[in-house]
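As structure tokens, the structure follows; a few thoughts come after it.
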Amino acid sequence: MNKIMILGAHSGKNKGDLAILISMIENIKKLDNKCFIYIPSKNPSFLSKFFKKYSNILIFKAKTGYLGLKTLFNIKKCNSIVIGGGGLFFSRKIINPYYNHLLNIYFIILLNKYIFHKKVILFSVGASHLKGKLSNYMMRFILKNSKVIIARDNYTKNLFFNLSKKEVLLHYDPAFDLILKKSKKIDNLKLSKYKRKILICVNSSIFEVNKNKKHNNYNNF
């Protein structure tokens, strides 16, 4: 059985990050329904509410959302570590493990390099405000010890390439891959004569990816 650990901003509190995680799981399950998925979270009981229909998913407690004995124990069982999606890489509060994703991910990649030796995939991630020698050193280390690197926008793609000199693929934010579901509330809604207009703003990176290949990156897992 394929076993994957997904690391990221997965508390369930942020709707955008929740949409990313749901989309990733939906698409992984489409490719391999028997795949077992491990997800560390600061709020496992809250996050679990959104995944009741899925089997073979374990959401467990990690103090920082990443680090903990359960994380290390479960990494040992996995075939691969998937990090993403979302804007996880920045240098704000760089030494605070309860705030900074880069610091947490660095320690996990460090342990993986010398102990676990699992395949690491950076999936549809973004970077911003990476300032200072420490943050750039950690980011470079993570990139050089990742098997597959997939950025969600051209800025991140170019930044990652300049730091690592490795191939960087492009895939738009996973939230755009959510499986569409009909809403009874919308179907039954009676609009007044004053029609409302909805403006949707999307990142330009969604248009830079070939539609026919949009799911291919999930095969890297």
What tally of residues in segment 128-152 results from selecting those that are within 19 Å of the chain's Cα centre (by Cα) and open to solvent by less than 10 Å² (accessible area, probe 1.4 Å)? 8
Taking the residues in segment 74-98 that are of a type in the set (A, V, I, L, M, F, W, C) and part of a loop (DSSP other than H, G, I, E, B) as candidates, determine which candidate is most open to solvent (accessible area, probe 1.4 Å). ILE95
For segment 54-73, how many residues are over 21 Å from TYR218 (Cα atoms) and not in a strand (DSSP E or B)? 12
Could you grab the pairs with beta carbons closer than 7 Å, sequence gap of 6+ or different chains, first residue in segment 93-119 and among the aromatic types (Phe, Trp, Tyr), second one crowded, with 16+ Cβ neighbours inside 10 Å and not in a helix (DSSP H, G or I)? TYR98/THR64; PHE107/LEU67
Give the residue that is farthest from the chain's Cα centre (by Cα), with candidates limited to residues of segment 153-171 that are within 12 Å of VAL125 (Cβ to Cβ) and in a loop (DSSP other than H, G, I, E, B). VAL168
Residues of segment 1-46 that turn out to be open to solvent by less than 50 Å² (accessible area, probe 1.4 Å) and either among the β-branched types (Val, Ile, Thr) or in a helix (DSSP H, G or I) (or both), as a count: 19
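The values are calculated or read from the model by the stated rules, or taken from the named source; none is laboratory data. Since we're looking at a predicted model, the values are computed, not measured. Please note: Cβ atoms are built from the backbone with ideal geometry, for glycine as well, and neighbour counts cover all protein chains shown. Ligands, DNA and RNA are excluded from the accessible area calculation, which covers all protein heavy atoms including side chains. Shrake-Rupley method; radii C 1.70, N 1.55, O 1.52, S 1.80 Å.
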